[in-house]
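Asks: The structure's right below; bear with me while I get my questions together.
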Amino acid sequence: MKKIKLFLAAFAVLFGMSTYAQSWTASEVGAGKFLMYNVGKGQFFTKGNGWGTQASTTASMADALEVELVPAGDYYLIRTLVFSDPTWGLECLDGVVVYTDQSRGKESSWEFALVGNDNGPVYNLITRDNQGNNGNTYPGLYLSANDENTIVGVAENGTNDFAQWKLLPSEMAPKIAFLDNYEALKKEVLALSSDIDVTAADALADAATDETGFNEALNALRQAAADYLSATVVAEPKDITNVWIVNAAPYANGYGWVATNGERHNQWASNPVTYDAGQQCAETWNNTGASMKQTLYNLPAGEYTLSAIAFTRTDFEATLSAGEASVNLVTVGSDVVNDRGQANNWFNEGNGLNELPFTLNEPAETLEIGLTSGDVADAWMVWRNFSLTYKSLATVVDGISTVETTAPNSDALFDLQGRRVAQPTKGLYIVNGKKVIK
């Protein structure tokens, strides 16, 4: 059996270079425990994240699912090290969804085909000896994430980077995942201005070894952006969504958000087999007081507008909120929209915009934003993406010089139509607002 060669990094600090700028040193492994990292999404493989979703990806390190590669001839079985039931045993990946390997015999064998090297080898994961679901077989297909959401399934084409994966040793994966997220946020921060000083944040990123340190470094980037905005006159609303809101289009997974009333909360629902790529929205239904919230960090003082594409059904109540400020969501009748497919079409027609202006007179270390459905047992709330704009509290104008003016010419004459007359003849004129006869 051929071993999988995996070139990964050992962290080092050389002559003051940033850790995240260095390449990974080589190590060789075969069977073992790993996290599977999707190149196209920049996220980790995980178990299903909602009703009907059996396999997906997540950017959250806490939600990444450890897998074990078990040799099976020239290929491998992929087991997730999760016991869904003590009598069923470990769950495994069968080519489309996650099933338990001891309950219904649904274990696929996988080929790891090397397709590139980007800070370590990149693989296609190809189904080979697949026992299938309900008699179906999927040999020769590629494990892939959807390019518009985080649902994992199989694809015929392995050239797309959403069908390409890395294997990361479990002990190294948290730091690697953090550095990817850090670089992505840093890119958004510097897109506001290349003059933003991220030196302090870089130092924290280098030193970070756990979740607390990772979050400190990410928030240091936001603080650098906040310092820049506070010292700059932003007279027109500026889009700062990608710096401050994590996962601004949460129709596919909940990373960055906290959902309540999860017992009936269907906010990340999608079926990986019958998923319609056009249904780019999430929902909560038959839920009382359900909410979906996120905490924003290190916002500068300023004037903001939080927007969300969302609605609730007529006669229900739901709100978009930012701190103490809130606004009721737009409503639509069931005769117009009655499922997520219709909701997607309604959104695509330009409907469902909710805007909440609010002001922070002082910088805010934390601010909670999100959606909350009303206290109705069968409430339905559907949403798509969020956005956040910022402008300065007041426009500061510098360098205004004194403008000297001269008194009006008291001898100026105007005709009765208000036109100035340089060489008057006999007649009636206006001088200093009074009628005179020349």
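Asks: Please state which of the following conditions Asn157 fails to meet, knowing it meets all the rest: (1) in a helix (DSSP H, G or I); (2) at pLDDT 85 or above.
Replies: (1) is the only condition that Asn157 fails.
Asks: Oh, and also: State all residues of the range 312-327 that are of a type outside the set (D, E, K, R) and either open to solvent by less than 10 Å² (accessible area, probe 1.4 Å) or outside any strand (DSSP E or B) (or both); if no residue qualifies, say none.
Replies: Taking the range 312-327 first, the residues of a type outside the set (D, E, K, R) are 312, 314, 316, 318-323, 325-327.
Listed by number, the residues that qualify are Thr312, Thr314, Phe316, Ala318, Leu320, Ala322, Gly323.
Asks: Report yes if some residue within the range 298-311 is open to solvent by 10 Å² or more (accessible area, probe 1.4 Å), at pLDDT below 95 and over 15 Å from Ile369 (Cβ atoms); otherwise report no.
Replies: No, that holds for no residue.
Asks: Okay, moving on. Consider the range 189-243. How many of its residues are open to solvent by less than 20 Å² (accessible area, probe 1.4 Å), more than 12 Å from Asn298 (Cβ to Cβ) and not in a loop (DSSP other than H, G, I, E, B)?
Replies: The qualifying residues number 5.
The values are calculated or read from the model by the stated rules, or taken from the named source; none is laboratory data. For clarity, every value in this text was computed on a predicted model and none was experimentally measured. All Cβ positions, glycine included, derive from the backbone under ideal geometry; neighbour counts span all protein chains shown. Heads up: the accessible areas ignore ligands, DNA and RNA and are worked out on the full protein's heavy atoms, side chains in. Shrake-Rupley method; radii C 1.70, N 1.55, O 1.52, S 1.80 Å.
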